[in-house]
Amino acid sequence: MYIIVAGCGKIGANLVKSLSNDGHDVVVIDPNEEAFTQLENGTNCLTVTGMPIDEDVLKSAGIEHADALLAVTSDDNVNIMTAQIAKQLYHVPHVVTRVYDPDKEEVIRQMGLCTVCPTMLTVSTISTLLAEPEDH
């Protein structure tokens with residue numbers, strides 16, 4: 001698959017590594033060129049410096065033929081806008097959006113976008129761990 005990762009923070013850099021190791025063609029976008037130093041040596045990907053909500057940046061990343069776009073910047077609003085552009089304007093088949101704010105997550109789902117909410121995943125995991133016997 002040809003996958004664009006918007007955001008090269010800890011999650012983005014680890015996604016790039018994992019996807020690249022799985023044999024996918026990966027492009028990572030970040031407005032801060034220094035963010036790319038988080039990528040491990042030997043990580044096979046293309047880097048694009050710029051805002052992922054900028055259509056010229058998305059085009060230089062190859063949005064027209066992307067199979068997936070993963071919006072994982074640290075800014076919920078940038079992730080939402082990037083995902084909307086990818087899904088609605090470029091009809092990218094697989095779009096996943098990370099959002100921290102659980103209230104925004106429901107709105108985004110109603111827009112037909114796939115979301116991952118670390119806040120709710122953490123709450124769920126902690127609740128599950130508390131319900132387990134104490135011998136772990």
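Just a few scattered comments:
- With respect to the conditions (1) in a helix (DSSP H, G or I); (2) free of Cβ contacts under 8 Å to residues at least 40 places away in the same chain; (3) under 15 Å from the mean Cα position of the chain (by Cα), VAL28 lacks only one, and its number is (1).
- So LEU19, is it out of contact with any Asp or Glu (no Cβ under 7 Å at 6 or more places or on another chain) and crowded, with 17+ Cβ neighbours inside 10 Å: yes
- All conditions in (1) modelled with pLDDT of 95 or more; (2) in contact with a helix residue (DSSP H, G or I) (Cβ under 8 Å, 6 or more places away or on another chain) hold for GLU40, with the sole exception of (1).
- Pairing residues of the stretch 60-87 that are free of Cβ contacts under 8 Å to residues at least 40 places away in the same chain with residues that are open to solvent by 20 Å² or more (accessible area, probe 1.4 Å) and assigned to a loop (DSSP other than H, G, I, E, B), at Cβ distances under 8 Å and at least 6 apart in sequence or on separate chains, gives GLU64/TYR90; ASP76/TYR100; ASP76/ASP101; MET81/ILE53; GLN84/MET111; ILE85/ILE53; LYS87/GLY112.
- Number of the condition not met by VAL5 [criteria: (1) assigned to a helix (DSSP H, G or I); (2) within 21 Å of MET111 (Cα to Cα); (3) open to solvent by less than 70 Å² (accessible area, probe 1.4 Å)]: (1)
The values are calculated or read from the model by the stated rules, or taken from the named source; none is laboratory data. Remember, predicted model here, so these are calculated numbers, not experimental data. Glycine gets a Cβ as well: all are built from the backbone with ideal geometry, and neighbour counts include every protein chain shown. With ligands, DNA and RNA removed, areas are computed over all heavy atoms of the protein, side chains included. Shrake-Rupley method; radii C 1.70, N 1.55, O 1.52, S 1.80 Å.
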